[in-house]
Amino acid sequence: MPSQSSRAAAARPDLSVILVTGSYDHDIRFWEAWSGICSRTIARKDESGQVNRLAISPDKRLLAAAIHKKVNIYEVASTSSTPLITFEGHNANITSVSFHSEGKWVVTGSEDGTIKIWDLRSTHLHRNYDNEAPVNDVVVHPNQGELISCDQAGRIKQWDLSENICTHELTPAGDTPMRSISLASDGSCLVAGNYKGKCYVWKINDERSDLPRFQAVTKFQAHTKYLTRCLLSPDTKYLATCSADTTVKIWSLTPTYEFKMEKVLQGHQRWVWDCAFSADSAYLVTASSDHTARLWEMASGETVRQYTGHHKAAVCCALHDGAG
């Protein structure tokens, strides 16, 4: 995020920061991070389908929006509400969307039980994996050669892109649905949260070692109500968990992969659905059913800015303030 001195110039848009929110009102909004001004709205009043998830390409050029059964790819620098590309092929709600590190492809997970990889260069479906249960989240491993997913059947799966198969499967809580997963930026650990508010942590070992690929380390009750998102910070020092209890909890990660609760971010009035860290892990953006998004300062746990404009639940957000 911008330095503290940048707040004095809050009225001036900072083009190095891309902050986007999506809502059940069908709109996608771009925000000036410090001023709280909505700088662009992609209005979709004539289109059906709510916006479920958002992702910004590593080079900051594209925005992927998972909208019901399709994915729209928009140009970040454009003022047009017309997508550059539309990927269609899922036959149920898309729950997850992520970019390849070099922007070559996009991966999606859906309630139709499939994981699909879409080629951004040819604009075609590149691969399709049958998960056999509704997919709730998918992340790309930092090595770009593996995907990790979680699903409604309570399973976590690793998919090897070179072998085109599922190589590992975990069921930490039986058939309790797994809602969200997050991988450390260095690939060292995996955190997964389930519908009952419980988080599970694994150390990920090198496949060449004699140790299991996924080594269970700990589990803890993050929330007593429905968990919607868990997300490790880019520096892998913190975990943010979002919940139906209207709070976001910040947990610090120890060298032994234990988690200690640092603070509770309070301010949202309804469910908190999504969150995104700044590149330096100093700030967190959240999206809530109270129609707003908030920017939090991690050090103080205070709201720095509130983004108001959606007239229905804000359910997803994306932030990219790193190098393009």
Inset, instruction - Could you tell me whether the stretch 257-267 includes any residue that is open to solvent by 30 Å² or more (accessible area, probe 1.4 Å), in contact (Cβ under 8 Å) with a residue 40 or more places away in the chain and in a loop (DSSP other than H, G, I, E, B)? - result: yes
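Give me the residue from the stretch 100-117 that is of a type outside the set (D, E, K, R) and open to solvent by 10 Å² or more (accessible area, probe 1.4 Å) and, out of that set, nearest to residue 90 (Cα to Cα).
First, pick out the residues of the stretch 100-117 that are of a type outside the set (D, E, K, R): 100-101, 103, 105-110, 113-115, 117.
From what's left, open to solvent by 10 Å² or more (accessible area, probe 1.4 Å): 100-101, 103, 105, 114.
Details: 100: 19, 101: 23, 103: 21, 105: 16, 114: 8 Å.
Result: 114.
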Legend entry - Qualifying positions in the stretch 315-324 - surrounded by 24 or more Cβ atoms within 10 Å (Cβ to Cβ) and farther than 17 Å from residue 243 by Cβ: 319
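Can you pull out the strands (runs of 3 or more DSSP E) entirely within the stretch 1-88 that have at least 1 residues that are touching a Pro at 6+ places or on another chain (Cβ under 9 Å) and at pLDDT 95 or above? Walk me through how you get there before you give the answer.
Working: elements: 18-23, 28-31, 38-42, 51-56, 62-67, 70-75, 85-88.
In the stretch 1-88, the matching strands (runs of 3 or more DSSP E) lie at 38-42, 62-67, 70-75.
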Legend entry - Whichever residue in the stretch 14-68 is among the hydroxyl-bearing types (Ser, Thr, Tyr) and open to solvent by 10 Å² or more (accessible area, probe 1.4 Å) and, among such residues, is nearest to the chain's Cα centre (by Cα): 24
Legend entry - Subset tally (residues that are part of a strand (DSSP E or B), open to solvent by 10 Å² or more (accessible area, probe 1.4 Å) and of a type in the set (A, V, I, L, M, F, W, C)) for the stretch 293-314: 1
Inset, instruction - Among the residues of the stretch 137-151, count how many are in contact (Cβ under 8 Å) with a residue 40 or more places away in the chain and either in contact with a helix residue (DSSP H, G or I) (Cβ under 8 Å, 6 or more places away or on another chain) or open to solvent by 10 Å² or more (accessible area, probe 1.4 Å) (or both). - result: 6
Inset, instruction - Please determine, by comparing only the residues of the stretch 69-91 that are open to solvent by 20 Å² or more (accessible area, probe 1.4 Å) and in contact (Cβ under 8 Å) with a residue 24 or more places away in the chain, which one is nearest to residue 151 (Cα to Cα). - result: 69
Legend entry - Residue identified as of a type in the set (A, V, I, L, M), open to solvent by 10 Å² or more (accessible area, probe 1.4 Å) and either without any contact (Cβ under 8 Å) to a residue 40 or more places away in the chain or within 20 Å of residue 193 (Cβ to Cβ) (or both) among 285, 217, 272: 217
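The values are calculated or read from the model by the stated rules, or taken from the named source; none is laboratory data. Just so you know, these numbers come straight off a predicted model, no measurement behind them. Virtual Cβ from ideal backbone geometry, glycine too; neighbours counted across all protein chains shown. Accessible surface is based on the protein model in full, side chains and every heavy atom, while ligands, DNA and RNA are left aside. Shrake-Rupley method; radii C 1.70, N 1.55, O 1.52, S 1.80 Å.
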